[in-house]
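Colleague: I have a structure I would like to understand better, so I am pasting it below and will then ask my questions one at a time.
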């Protein structure tokens, strides 16, 4: 039920922010402002954050509102193990990943993240797929689109970024317990493994 409310708040906020982006009618803008205020209060009530802080975060994101876009790297070794990081933020295992910056393509993002997070130079080989994760209470108030790539390591030295990564390891997907995965990264890892052996 709470997840459904977050999805509703996400949509209301996106519609209102888009209205503010396009409309010059003062009455329409006033209604949209009120909807943004209601969405901010709704998020605050369900997350424990201050409504003013939530509104400030909303105001920092201008223009047409869309889901956030992330890029994820799936790298396998010859034993079909996937390269995973144990993240600092939730102590869970996941693919190397990051949000796409305004000046980047998703391919550029994942090459940058590989170097920043673990010190390796990577190459994007092939698109696995595009996946959607809806808003979740206590995790993220907005939906995320994940663009997943099969990648290869072409250089560098393994150097985990201590502020983001506790540990880097080659793991068999089946050896990572369901509760030890970062959000939907088990789904992404399995999709990548299937895509790795798929013929076109």
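Colleague: Working from the alpha-carbon coordinates of the chain, get Rg over Rh, Rh being the Kirkwood radius.
Modeller: 1.04
Colleague: So for the pair residue 175, residue 46, with labels modelled 7 Å out along Cα→Cβ, what separation do we get in nm?
Modeller: 3.9
Colleague: Report relative contact order for the chain in percent, whole number only (criteria: Cα-Cα under 8 Å, sequence separation at least 6).
Modeller: Relative contact order, the chain: 23 percent.
Colleague: Separate question: Given a Förster distance of 22 angstrom, what is the FRET efficiency for residue 167 paired with residue 81, based on the Cβ-Cβ distance and rounded to 0.05?
Modeller: That pair, residue 167 with residue 81, gives E of 0.95.
Colleague: Turning to a different aspect of this structure: Out of the DSSP beta bridges found with both residues in segment 68-197, what percent are antiparallel (nearest 5)?
Modeller: Bridges in segment 68-197 that DSSP calls antiparallel: roughly 75 percent.
Colleague: For the chain, find the longest principal axis of its Cα atoms and tell me its angle to the long axis of helix 106-118, 0 to 90°, nearest 10.
Modeller: It works out to around 70 degrees.
Colleague: Over 19 Å apart: what share of the alpha carbon pairs of segment 2-60 falls there, rounded to a whole percent?
Modeller: Looking at segment 2-60, the distances longer than 19 Å represent 26 percent of pairs.
Colleague: Report the calculated FRET efficiency for residue 108 and residue 22 (r = Cβ-Cβ distance, R0 = 41 Å), to the nearest 0.05.
Modeller: 0.90
Colleague: Taking the mean number of other Cβ atoms within 10 Å as a proxy for protection, how do you rank 12-24, 32-44 from highest to lowest?
Modeller: Highest mean packing first, the order is 32-44, 12-24.
Colleague: Going by alpha carbons, how many degrees (0 to 90, nearest 10) lie between the helix axis of 185-197 and the longest principal axis of the chain?
Modeller: Around 50 degrees separate the two axes.
Colleague: Here's a follow-up. Return one number: the angle in degrees, 0 to 90 and rounded to the nearest 10, between the long axis of the Cα atoms of helix 26-47 and the longest principal axis of the Cα atoms of the chain.
Modeller: Between the helix axis and the principal axis of the chain, the angle is about 50 degrees.
Colleague: Quick one: if the Förster radius is 35 Å, what FRET efficiency do residue 132 and residue 59 give, using the C-beta to C-beta distance and rounding to 0.05?
Modeller: So, using R0 = 35 Å, E works out to roughly 0.85.
Colleague: So for the pair residue 191, residue 5, with labels modelled 7 Å out along Cα→Cβ, what separation do we get in nm?
Modeller: 2.9
Just so you know, all these numbers are worked out from the coordinates, no wet-lab data involved. Values in this document were obtained by computation on a predicted structure and should not be read as measured data. Cβ: placed from backbone, ideal geometry, glycine included. Neighbour counts: every protein chain shown.
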